Amino acid sequence: MTTIMRKSVLGIAGLAFAGGIFAGPATNAEAAPVEAVKPVAVVQADKPDMGKLVPHGVQGEQSRIDLGDEQVDNVKAIIAATKKSDMDERAAVVAIATALQESKLENLGHLGDRNDHDSQGLFQQRPSSGWGTVEQITDPEYSTMAFLKGLKQVDGWQDMPLTKAAQTVQVSAYPFHYAQWEQQAADLVAKHWNN
């Protein structure tokens, strides 16, 4: 076969192949009609409303830290204790922001000379101030519920800026430091509230 003939045969075969692809398969006029494909609605689990999580907007410069597995587990424990206390997502934001400030969400035991008096646990609660025993305040559920019990006793805490609500419970020497964690706390509640 000559080169010209070979090119012609291959060209005709290529046209036939391409024509088949573009034209599609031959159809039978009596074939059943194809139903249109309906789009599938994507349903997303309810996420807390950021307006409820941060009703006053964040105040001041915000801090953020990367969390390890233990810290995320403590976030989930705080959220579970908040639900158990029949409190809402905003209470969880206040609690998580407080724990971020007090311990960076690490369940701290006695820190020796670096310890602030006898403060321990996620919220740096003190046995000598009546928060509970060391065993109790180093239990994330107990310490969260103790914090939330204090928060419930603050008249109008829901309408207060986070740092004021947290400070009223904690009585910290640094009352305005809680505000810097509000956005990260709200993000964590939005992510883990429905898990």
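With an 8 Å cut-off on Cα pairs and a minimum separation of 6 or more residues, tell me the relative contact order of the range 78-195 in percent. Relative CO of the range 78-195 lands at 30 percent. Probing with 1.4 Å while keeping every protein chain in the model, the per residue accessible area of the range 73-195 equals 45 Å². Using heavy atoms of the protein chains and a probe of 1.4 Å, the accessible area assigned to residue 54 is about 20 Å².
Of 76/104; 52/191; 52/83; 152/191; 83/191; 84/104, which pairs sit farther than 19 Å apart, going by alpha carbon to alpha carbon? Table pairs above 19 Å Cα-Cα are 152/191; 84/104.
The values are calculated or read from the model by the stated rules, or taken from the named source; none is laboratory data. These figures come from a predicted structure and were not determined experimentally. Side chains included, ligands, DNA and RNA excluded: accessible areas come from the protein's heavy atoms. Shrake-Rupley method; radii C 1.70, N 1.55, O 1.52, S 1.80 Å.
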